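One structure is given here, and the rest of the page talks about it.
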Amino acid sequence: MNMIHTASPKEMANIQYLNIARIFDMPVQEFCDMYQIYFQIGGKRYLFWDRACHTLQQGEVAVLKPFQIYYSEIRDGETDERYVLRFRTELLDLILDEKEKETILEQLGCGIIGLSEEKIEKLYDRFLLIEDYVHQTGFLSEKLLAMAVVQLIMMLVEDDKKESHIEEQKVTPPIEQILEYIEKNYEGTITLEQMAEAAGISKFYFCRMFRKVTGATPVEYINLVRLIHVQNLLEKTNLSVEEIAQKTGLSSSTNLARIFKKMYDISPLKFRKVKRTENT
């Protein structure tokens, strides 16, 4: 068992409790150099990765691997209450050998896990325990923290084996091609007819399949992709709203402002001001 560590467990694990009830929450691109375990206590959160939309609902867990790029958001009028545990794999070295660690992380995988009512209560207690250990000091508390994290992982792995609840939304080939097409062509005009024809299926079937895979209509998804780029340009450039609209396929500043306001209940210029205030 490897007992040599170059960083303290405080640097190797942290936990956050978040309770958000607001209208404005931009879909932001995120990644972390740690494993992340989202435990949704209330409301819902939308996570986008691997060209698919995953809706994290009350009582569900999302597992994200280190350096996995994803987008997350809550939507107009919805709430989001969750715990987020982040940990480095080195933390597990306190109580596991390398082979044991590789095995348990492989079993943990990546995706959404649904839980039974009984398991939800137990998991909530486990998060409270980890929260307590994170704020303690001393070698004993370090080992207790590592043990608590491993036990939490085992609870999730065990639940997956018993109930097969890990969901990895696989993108069907036609839809995968369309998502790639949207990413490459969001600056121009994209019509439903073009997408359905490119997918080789009828417009009706295309819309049904697209919503099933992504959790959004084609128009909603295209606007989401565009607004992610709008957000980046508002925050990082001095381009006017009209110039940004032209660069992101939204045709005009009026159209951009309307879609932006409808989705986030804030104007583009106010968003720019808020973000620049946060960064000063």
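The values are calculated or read from the model by the stated rules, or taken from the named source; none is laboratory data. Note that the coordinates shown come from a computational prediction; the quantities given were computed from them, not determined experimentally. Note that we place each Cβ from the backbone using ideal geometry, even for glycine, and neighbour counts take in every protein chain shown.
Evaluate the range 40-55: report whether one residue or more is among the basic types (Lys, Arg) and outside any loop (DSSP other than H, G, I, E, B). The answer is yes, given that some residue of the range 40-55 is among the basic types (Lys, Arg) and outside any loop (DSSP other than H, G, I, E, B). Among residues of the range 110-140 being in contact with an Asp or Glu (Cβ under 8 Å, 6 or more places away or on another chain) and in a loop (DSSP other than H, G, I, E, B), the one that is surrounded by the most Cβ atoms within 10 Å (Cβ to Cβ) is LEU115.
Across the range 231-249, which residue is farthest from LEU47 (Cα to Cα) among those that are in contact with a helix residue (DSSP H, G or I) (Cβ under 6 Å, 6 or more places away or on another chain) and part of a helix (DSSP H, G or I)? If we take residues in the range 231-249 being in contact with a helix residue (DSSP H, G or I) (Cβ under 6 Å, 6 or more places away or on another chain) and part of a helix (DSSP H, G or I), then GLU242 is farthest from LEU47 (Cα to Cα).
Taking every residue in the range 100-124 that is without any contact (Cβ under 8 Å) to a residue 24 or more places away in the chain and on the phi > 0 side of the Ramachandran plot and pairing it with any residue that is of a type in the set (S, T, N, Q) and surrounded by 15 or more Cβ atoms within 10 Å (Cβ to Cβ), at least 6 positions away or on another chain, yields no pair with a Cβ-Cβ distance below 8 Å. So for the range 75-96 (the condition being closer than 17 Å to ILE15 by Cβ, surrounded by fewer than 20 Cβ atoms within 10 Å (Cβ to Cβ) and of a type in the set (A, V, I, L, M, F, W, C)), does at least one residue qualify? There is at least one residue in the range 75-96 that is closer than 17 Å to ILE15 by Cβ, surrounded by fewer than 20 Cβ atoms within 10 Å (Cβ to Cβ) and of a type in the set (A, V, I, L, M, F, W, C). Here is the figure for the range 22-39: residues that are assigned to a strand (DSSP E or B) and at pLDDT below 65 total 2. Looking at LYS273, LYS247, just one residue is among the basic types (Lys, Arg) and at pLDDT below 90, and that residue is LYS273. Criterion first (touching a helix residue (DSSP H, G or I) at 6+ places or on another chain (Cβ under 6 Å) and basic (Lys, Arg)) does LYS212 satisfy it? No; evaluated as a whole, the condition is false for this residue.
Across the range 240-269, the qualifying residues are those that are touching a residue at least 40 places away in the same chain (Cβ under 8 Å) and hydroxyl-bearing (Ser, Thr, Tyr), and the one among them that is nearest to GLU187 (Cα to Cα) is THR248. Taken over the range 250-266, the residue count meeting the criterion of being modelled with pLDDT of 90 or more, surrounded by 15 or more Cβ atoms within 10 Å (Cβ to Cβ) and outside any helix (DSSP H, G or I) is 1.
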